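Peer 1: Below is one structure. I have some questions about it.
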Amino acid sequence: MGFAELWDSLLPIGRDPATGGYRRYSFGDADAACRAWFSNRALERSLRLQTDRNGNLWAWWDVPGSTGPAGGSGGPPPRAGAAGGCAGSPPGADTAVVTGSHLDSVPDGGAYDGPLGVVSGFAAIDLLRERGFEPVRPVAVAAFTEEEGGRFGVACLGSRLLTGATDPAAARELRDGDGVTLAEAMAGAGLDAAGIGPDDELLGQVGAHVELHIEQGSALAGLGAAVGVAERIWPHGRWRLDFAGRADHAGTTRLADRRDPMLPYAATVLAARAAAAGGALATIGKVSAVPGAANAISSAVTAWLDARAPDEAVLAAVVGRIEAAARQAAAGHGVGLEVRRESFTPAVEFDPALRDRLAGALAARGIDAPVLPTGAGHDAGVLAARLPTAMLFVRNPTGVSHSPAEHAELADCEAGVAALAAVLQELAGR
Ligand SMILES: [Zn+2]
């Protein structure tokens, strides 16, 4: 099946007709439809479907006679030296080459962030089979749960649980905006959260992971290239700021008597912009006010800060400046402030030898693929702690992402599939 047909089969799921944006939140109705879509695409290709203990989906193209995971629990032991990247040295002969990304979205997200990598994975397998390619090691397409943190606030939750980067007990108690815990949400989707957590047996079956993703920037457009290879991911994190003031009447409370948390919050938004110097980025994109009445001073305001920088020292300095400004503003208005780091991802260097192998395989097929850094986090960045990982980017003409306006041209998506097929052939071939 060609890319366009596969793409169109996923496109309507979870799209808000009013905005054209996507609302695919983990374990909700749209997510269930996405999971069913994934299952059907796997089954119609005779790929073995697996839902792992963390709710991540896998479609395995098993290799006859391999000691692969077919048949349940008796997979091969974890590959020695998998951690940290015994670099692009070929993965152990019986370990799989995995591609894929995620199907969940941010609120009102675009169509491509995540799904492009999953759809391209299936399309690349179709292309390889059309060419009669027979892998000598298993190939899998994966879809990781809650990559965006759109429901439970922890980005890359599925891959973090899989690799042991997140504590399962704490994760079970994560709550969405309606107070529903992760455990409850998983139960609602027919999954048992009792089993979440690190899965070394599954990771031991994977020799390399290559995630294809739409570029979340416009560097490729500037370079005139349809696809690129990731160099590294900036360190980034999320911080929650709770400003505690005192609710009061908007019409009768003298200014001098107010303890209005909205004021230090507003100062913090401006401080975030001012602090993001030296090439860093700091954004407050989510806020909630309690009680949220138009004619009342709020009792509390909660804001979420997202910060990213080329290195961890710059990131720490930027967040430190923002926090200092927030504390000063809060104190000036008689407002309490609590700052809590909700998530943090250190800088990720993708496996240099694997990256070179990708670049070599693409160059050998005449595919021009520049190497780029990125400020966006990805499951591949989390998996990089345990496996050799790499990423391919597909050109985004405007660079817009996390928005209904996010777009990639069909020809570029097809170029991405061709590049991914070339990479899978290189890594899983003879
Ligand atoms: Zn993504």
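Peer 1: So how far apart, in nm, are the two label points at Glu312 and Val136 if each is 7 Å from Cα heading toward Cβ?
Peer 2: Computed distance between label sites Glu312 and Val136 equals 3.9 nm.
Peer 1: Between Ser39 and Thr283, what is the label-point separation in nm under the 7 Å Cα-to-beta-carbon projection?
Peer 2: My value for the distance between the label points is 3.4 nm.
Peer 1: May I ask you to derive the FRET efficiency for Glu338 and His407 from their Cβ-Cβ distance with R0 = 25 Å, giving the value to the nearest 0.05?
Peer 2: Numbers: r = 40 Å, r/R0 = 1.58.
Given R0 = 25 Å and the Cβ-Cβ separation, E is 0.05.
Peer 1: Shifting gears a bit: How far, in degrees from 0 to 90, does helix 29-44 lean away from the longest principal axis of the Cα atoms of the chain, to the nearest 10?
Peer 2: Between the helix axis and the principal axis of the chain, the angle is about 10 degrees.
Peer 1: Considering Cα pairs under 8 angstrom that are at least six residues apart, work out the relative contact order of the chain and quote it in whole percent. Mind dumping the intermediate values first?
Peer 2: Values: 1001 pairs, mean separation 99.0, N = 430.
Computed value for the chain: 23 percent relative contact order.
Peer 1: Something else now. Using a probe radius of 1.4 Å on heavy atoms only, what accessible surface per residue do you get for the chain? Whole Å² is fine. Show your work: numbers first, answer last.
Peer 2: On the way: 16880 Å² over 430 residues.
The answer is 39 Å² per residue.
Peer 1: In addition: Give me the distance between the Cα centres of the stretch 142-157 and the stretch 392-407, rounded to whole Å.
Peer 2: Value for the Cα centre distance between the two parts: 19 Å.
Peer 1: Also: In the chain, what percent of the accessible surface is made up of carbon and sulfur (1.4 Å probe, ligands and nucleic acids excluded)? Intermediate results must be reported in sequence, preceding the final value.
Peer 2: Details: 9150 of 16880 Å².
Roughly 54 percent, rounded to a whole number.
Peer 1: What angle, in degrees between 0 and 90 and rounded to the nearest 10, separates the Cα long axis of helix 312-332 from the longest principal axis of the Cα atoms of the chain?
Peer 2: Long axis of 312-332 versus the principal axis of the chain: about 20 degrees.
Peer 1: Here's a follow-up. Would any residue of the stretch 405-426 have its amide N under 16 Å from a label point 7 Å out along Cα→Cβ of Ala221? List them or say none.
Peer 2: Output list for this probe position: 405-413.
Peer 1: Sticking with this one: Taking the simple approach of a point 7 Å from Cα along Cα-to-Cβ for both Asp178 and Asp8, what is their distance in nm?
Peer 2: Between Asp178 and Asp8, the simple spin-label model gives 3.4 nm.
Peer 1: Provide the FRET efficiency to the nearest 0.05 for the Ala266-Arg430 pair, computing r from the beta carbons and using R0 = 56 Å. Please report the intermediate quantities before stating the final value.
Peer 2: Working: r = 62 Å, r/R0 = 1.10.
Once rounded, the FRET efficiency stands at 0.35.
Peer 1: On to the next question. Calculate how steeply helix 352-364 sits against the longest principal axis of the alpha-carbon atoms of the chain, using the helix alpha-carbon long axis, and give the answer as 0 to 90 degrees to the nearest 10.
Peer 2: It is inclined by approximately 60 degrees.
Peer 1: Mind jotting down the distance between the C-alpha centroids of the stretch 183-235 and the stretch 287-308, whole Å?
Peer 2: The stretch 287-308 and the stretch 183-235 have Cα centres spaced 31 Å from each other.
Peer 1: Averaging sequence separations of C-alpha pairs under 8 Å and six or more residues apart, then dividing by the length of the stretch 171-262, give the relative contact order as a whole percent. It would help to have the intermediate numbers written out before the result.
Peer 2: Details: 36 pairs, mean separation 10.9, N = 92.
Relative contact order comes out at 12 percent.
Peer 1: Subtracting the Cα-Cα distance from 0.36 nm times the residue separation, let me have the gained length for Ala256 to Ala324 in nm, one decimal. Could you put the intermediate results ahead of the total?
Peer 2: Details: separation 68, 0.36 × 68 = 24.48 nm, distance 2.36 nm.
Here the segment from Ala256 to Ala324 would lengthen by 22.1 nm.
The values are calculated or read from the model by the stated rules, or taken from the named source; none is laboratory data. Remember, predicted model here, so these are calculated numbers, not experimental data. Glycine gets a Cβ as well: all are built from the backbone with ideal geometry, and neighbour counts include every protein chain shown. Accessible surface areas use protein heavy atoms only, side chains included; no ligands, DNA or RNA. Shrake-Rupley method; radii C 1.70, N 1.55, O 1.52, S 1.80 Å.
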